[in-house]
Amino acid sequence: DTGVSQNPRHKITKRGQNVTFRCDPISEHNRLYWYRQTLGQGPEFLTYFQNEAQLEKSRLLSDRFSAERPKGSFSTLEIQRTEQGDSAMYLCASSSRKALDTGELFFGEGSRLTVL
Amino acid sequence: QKEVEQDPGPLSVPEGAIVSLNCTYSNSAFQYFMWYRQYSRKGPELLMYTYSSGNKEDGRFTAQVDKSSKYISLFIRDSQPSDSATYLCAPRVAGGFKTIFGAGTRLFVKA
């Protein structure tokens, strides 16, 4: 399967711990996105990479959140000193340079974070 | 005011019904109007999209945009239990990097 892969699928952690999520996009896609989704809400934009460059970061993203995409391949999203309000589904999506106008997003199945 | 407003539902209909899902938006620069479908515990997937105003049909699904009123609709004919999902409207600016999602409408189609 050559879809977007996310790991781990579910993470339970205690408040104050650090967590890291990994996303492997579709190989030929140069754009990679992280979104956050809470119950009853649509995906909320967090950050965007074009190749290895992080070009946009939501103002909603506190400095406890950091994302990287070394070498323009997989990406990691780290949350430091987790808080209960960080509990959500973290979705990764990738998009092809050929879909510049529509920006069609291919999503992974998400990483669900539960902070106790 | 949010850029995209969508009634979260839930909306429950009997099998075979015609379903109407709607969104409003505020940014007049939006040119592409995407609909994503999200099954429970899955990531969203693109269902269909339209460019600018007008209608687009794809099987049992019709997407409609009225840019003058900033109103987006998705119609589902002959709804099936397999259509039970959350439908997310997602307008965007052509060539822009960011897609903004509505809250999503949860649809239940009862057999």
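The values are calculated or read from the model by the stated rules, or taken from the named source; none is laboratory data. Just so we're clear, the structure is a prediction, and the values are computed from it rather than from any experiment. Methodologically, a virtual Cβ is constructed for each residue, glycine included, from the backbone with ideal geometry; neighbour enumeration extends over all protein chains shown.
So the values come out like this:
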{"item": "Condition met for residue A:15 (touching a residue at least 40 places away in the same chain (Cβ under 8 Å), loosely packed, with under 15 Cβ neighbours inside 10 Å and not polar (S, T, N, Q))", "result": "yes"}
{"item": "Residue within the range B:71-88 that is within 26 Å of residue A:97 (Cβ to Cβ), within 14 Å of chain A (Cβ to nearest Cβ) and buried (at least 16 other Cβ atoms within 10 Å of the Cβ) present", "result": "yes"}
{"item": "In the range A:90-116, residue surrounded by the fewest Cβ atoms within 10 Å (Cβ to Cβ) [restricted to those that are of a type in the set (Phe, Trp, Tyr) and more than 7 Å from every other protein chain (Cβ to nearest Cβ)]", "result": "A:106"}
{"item": "Residue identified as in a loop (DSSP other than H, G, I, E, B) and either over 21 Å from residue B:90 (Cβ atoms) or at pLDDT 90 or above (or both) among A:62, A:94", "result": "A:62"}
{"item": "Number of the exception - residue A:84 against (1) within 14 Å of chain B (Cβ to nearest Cβ); (2) surrounded by fewer than 18 Cβ atoms within 10 Å (Cβ to Cβ); (3) over 21 Å from residue A:54 (Cα atoms)", "result": "(1)"}
{"item": "Residue check for residue B:54: facing chain A (nearest Cβ under 10 Å), of a type outside the set (Phe, Trp, Tyr) and more than 9 Å from the chain's Cα centre (by Cα)", "result": "no"}
{"item": "Number of positions in the range A:65-76 that are touching a residue at least 40 places away in the same chain (Cβ under 8 Å), outside any loop (DSSP other than H, G, I, E, B) and under 13 Å from the mean Cα position of the chain (by Cα)", "result": "2"}
{"item": "Subset of the range A:22-56 (residues that are over 23 Å from residue B:103 (Cβ atoms), assigned to a strand (DSSP E or B) and within 14 Å of chain B (Cβ to nearest Cβ))", "result": "A:23, A:24, A:31, A:32, A:49, A:50, A:53, A:54, A:55"}
{"item": "Extreme residue, farthest from the other protein chains (Cβ to nearest Cβ), among residues of the range B:9-18 that are part of a loop (DSSP other than H, G, I, E, B) and out of contact with any Ser or Thr (no Cβ under 6 Å at 6 or more places or on another chain)", "result": "B:16"}
{"item": "Residue A:16 being farther than 18 Å from residue B:91 by Cα and within 12 Å of chain B (Cβ to nearest Cβ)", "result": "no"}
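Yes/no matrix, rows are residues, columns are (1) closer than 29 Å to residue A:4 by Cα; (2) touching a strand residue (DSSP E or B) at 6+ places or on another chain (Cβ under 8 Å); (3) at pLDDT 95 or above:
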site	(1), (2), (3)
B:8	yes, yes, no
B:12	no, yes, yes
B:16	no, no, yes
B:19	no, yes, yes
B:27	no, yes, no
B:31	yes, yes, no
B:38	yes, yes, yes
B:41	yes, no, no
B:44	yes, yes, yes
